[in-house]
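Take a look at the structure below.
The values are calculated or read from the model by the stated rules, or taken from the named source; none is laboratory data. What you see is a predicted model, and the numbers here were worked out from it, not measured in a lab. Note: ideal-geometry Cβ built from the backbone for every residue, glycine included; neighbour counts use all protein chains shown. Heads up: the accessible areas ignore ligands, DNA and RNA and are worked out on the full protein's heavy atoms, side chains in. Shrake-Rupley method; radii C 1.70, N 1.55, O 1.52, S 1.80 Å.
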Amino acid sequence: SNFTDFDPLLAEPSVAARFCYTPEELQAADLIILPGSKQTVSDLCWMRESGLAEAIIALSGRVLLFGICGGMQMLGVAIEDSQGVEMGGSEQALGLLPIRTRMNPEKITREAAGELVVPRLFGESLECAGVEGYEIHVGETDYLEGALPFSNITRKGDARSAVLDGCVSSDSRVAGTYLHGVFHQDEFRHAFLRAARSAHGLAPAAMLAWQQLREGEFDRLAQTVSASIDLSRLLGFVGLSWPAGDRKERACASTR
């Protein structure tokens, strides 16, 4: 789920990204990202049945690993579901991060932003320590001995103090976060990719200004809709007129 997390990576000219379904497709990877899932335990079981789980564990010494939300939970030691939120019981995870997840009925849905606890990833220093995105998950993560959190975040609209997010392995070659949309921030994505390339001995590459591209696409869509629809008639359906005063013009512009 939340497949749009990867739109910026798919658009990067220096990245050859694809969704993989078999162990064979993983063999040539430099970096494996486990995406989020609405059914984490059942998807983890599917990964075992398909051979993906075994392949990821076998490749973990050579390939860089990153998990988002449910993908991060899968990288931990175990997922416990005593309240039957998904399938109930306890499921052994991949064991690549020193964390344990407890499923809870309450879902966390918050925008959040913060900074990396240690500005280092994949054995490389990062020039960007800021992260932002949104949480949409059930489950709380317990840190086991030797665990290093990925970031320290503050949830939008939550008056409580900052909370720890995600986890990084001791060699920083395996990491994860609860933040969806973390790759939509150009500065972090560029730093993430530079670190991944450097870890594999690859030269620096040109990076895409995704945020600018996305805003341009939204503007293009708005212009196409505006040129294709009788806005005066459409606004008349809701009791507005076009052109209108400043207040109404601003309202219309904000809904493009």
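State yes or no: is L97 in contact with a strand residue (DSSP E or B) (Cβ under 9 Å, 6 or more places away or on another chain), open to solvent by less than 20 Å² (accessible area, probe 1.4 Å) and either among the basic types (K, R) or closer than 21 Å to G61 by Cβ (or both)?
So L97 passes the test.
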Discussion item. Take residues that are touching a residue at least 12 places away in the same chain (Cβ under 8 Å), of a type outside the set (G, A, S) and out of contact with any Leu (no Cβ under 7 Å at 6 or more places or on another chain) and tell me which of the helices (runs of 4 or more DSSP H) falling wholly in region 186-237 contain 3 or more.
Written reply: 186-199, 210-228
Worksheet item: Would it be correct to say that A244 is open to solvent by less than 30 Å² (accessible area, probe 1.4 Å), at negative phi, modelled with pLDDT under 90 and part of a loop (DSSP other than H, G, I, E, B)?
Response: yes
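Can you pull out every residue in region 28-73 that is hydroxyl-bearing (S, T, Y), within 24 Å of L10 (Cα to Cα) and in a helix (DSSP H, G or I)?
T40
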Worksheet entry | Test: residue in region 18-26 that is open to solvent by less than 20 Å² (accessible area, probe 1.4 Å) and either over 24 Å from G201 (Cα atoms) or of a type in the set (A, V, I, L, M, F, W, C) (or both) | yes
Discussion item. On the basis of being aromatic (F, W, Y) and farther than 30 Å from F122 by Cβ, does W242 make the cut?
Written reply: yes
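Hey, any hits in region 115-129 for a residue that's among the basic types (K, R), open to solvent by 20 Å² or more (accessible area, probe 1.4 Å) and touching a Leu at 6+ places or on another chain (Cβ under 9 Å)?
Yes; the residues of region 115-129 include at least one that is among the basic types (K, R), open to solvent by 20 Å² or more (accessible area, probe 1.4 Å) and touching a Leu at 6+ places or on another chain (Cβ under 9 Å).
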Fill in: 1 or more residues closer than 14 Å to E140 by Cα and touching a Cys at 6+ places or on another chain (Cβ under 8 Å): qualifying strands (runs of 3 or more DSSP E) within region 74-120
99-116
Discussion item. Checking the condition buried (at least 17 other Cβ atoms within 10 Å of the Cβ), under 16 Å from A16 (Cα atoms) and out of contact with any helix residue (DSSP H, G or I) (no Cβ under 8 Å at 6 or more places or on another chain), which residue from A191, A196 passes?
Written reply: A196
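Condition check: at pLDDT 95 or above, touching a Phe, Trp or Tyr at 6+ places or on another chain (Cβ under 7 Å), closer than 29 Å to V138 by Cβ and open to solvent by less than 80 Å² (accessible area, probe 1.4 Å). Does I56 satisfy that?
Spelling it out, it is not the case that I56 is at pLDDT 95 or above, touching a Phe, Trp or Tyr at 6+ places or on another chain (Cβ under 7 Å), closer than 29 Å to V138 by Cβ and open to solvent by less than 80 Å² (accessible area, probe 1.4 Å).
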